[in-house]
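Here's the structure, in structure tokens; my notes come after.
The values are calculated or read from the model by the stated rules, or taken from the named source; none is laboratory data. Worth saying up front: this structure is predicted, and the values here are computed from it rather than measured. Here the Cβ positions follow ideal geometry from the backbone for every residue, glycine too, while neighbour counts run over all protein chains shown.
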Amino acid sequence: NAGVMQNPRHLVRRRGQEARLRCSPMKGHSHVYWYRQLPEEGLKFMVYLQKENIIDESGMPKERFSAEFPKEGPSILRIQQVVRGDSAAYFCASSPAWPGEEKLFFGSGTQLSVL
Amino acid sequence: QQPVQSPQAVILREGEDAVINCSSSKALYSVHWYRQKHGEAPVFLMILLKGGEQKGHDKISASFNEKKQQSSLYLTASQLSYSGTYFCGVPNAGNMLTFGGGTRLMVKP
């Protein structure tokens, strides 16, 4: 049973380009979460999705960032017109149900570097 | 609201013990603990679901004091493999997990 799969593992973009990060949750998991981690800092919640629905996007910047979790295919975190401050590790996690009682399984992350 | 962890960093010698605390200004219904090694994904350690609950896993255990709105992680007779950053996470009203700022633990030979 494959774990949470994220790709690419590393992504380099120039300022102004778009970054697309992909996350395939564990089989049977319908809850997906995206977290951002700056160097030497904690995990900051960005967005929580279930299939075809955004449940909570309170941690996601209002501009340039968007996320989706379509009926078929992986969840996508999209960052338009990237800036240097977007450089960070982006982790995706999944769970089968509400995280209050279910552990999160994390992917290996995507390290985004903006030149 | 983000839970508060203390201390921010700990340096231990192999075999020594450590306690990491996690407190919240809001009522806690459950507490998660995760460990992240440098350059890797966070890995689940344990969940505490009930006030007063204590759990153990090898020489790592945790307690949950619902009334005090806090949880503590205990590392006994630490090993080199315990090195990493420990995060507590609490679910909020929006049903997602909010993590504390982390506690960096370094175990030296």
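Numbers below:
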| read-out | value |
| --- | --- |
| Filtered residues of the range B:22-48 (kept if within 12 Å of another protein chain (Cβ to nearest Cβ), surrounded by 14 or more Cβ atoms within 10 Å (Cβ to Cβ) and not in a strand (DSSP E or B)) | B:28, B:29, B:30, B:41, B:42 |
| Conditions (1) away from chain B (no Cβ under 11 Å); (2) surrounded by 14 or more Cβ atoms within 10 Å (Cβ to Cβ); (3) in contact with a Leu (Cβ under 7 Å, 6 or more places away or on another chain): number failed by residue A:66 | (3) |
| Unmet criterion (only one of (1) surrounded by fewer than 19 Cβ atoms within 10 Å (Cβ to Cβ); (2) part of a strand (DSSP E or B); (3) within 14 Å of chain B (Cβ to nearest Cβ)) for residue A:26 | (2) |
| Every residue from the range A:31-57 that is more than 9 Å from every other protein chain (Cβ to nearest Cβ), surrounded by fewer than 17 Cβ atoms within 10 Å (Cβ to Cβ) and farther than 22 Å from residue B:34 by Cα | A:50, A:51, A:52, A:53, A:54 |
| Among the residues listed as B:26, B:67, the single one being under 20 Å from residue A:59 (Cβ atoms), out of contact with any strand residue (DSSP E or B) (no Cβ under 7 Å at 6 or more places or on another chain), at pLDDT below 95 and not small (Gly, Ala, Ser) | B:26 |
| Residue match in the range A:88-99 (condition: assigned to a loop (DSSP other than H, G, I, E, B) and more than 9 Å from chain B (Cβ to nearest Cβ)) | yes |
| Residue check, residue A:77 part of a strand (DSSP E or B), modelled with pLDDT of 95 or more and surrounded by 17 or more Cβ atoms within 10 Å (Cβ to Cβ) | yes |
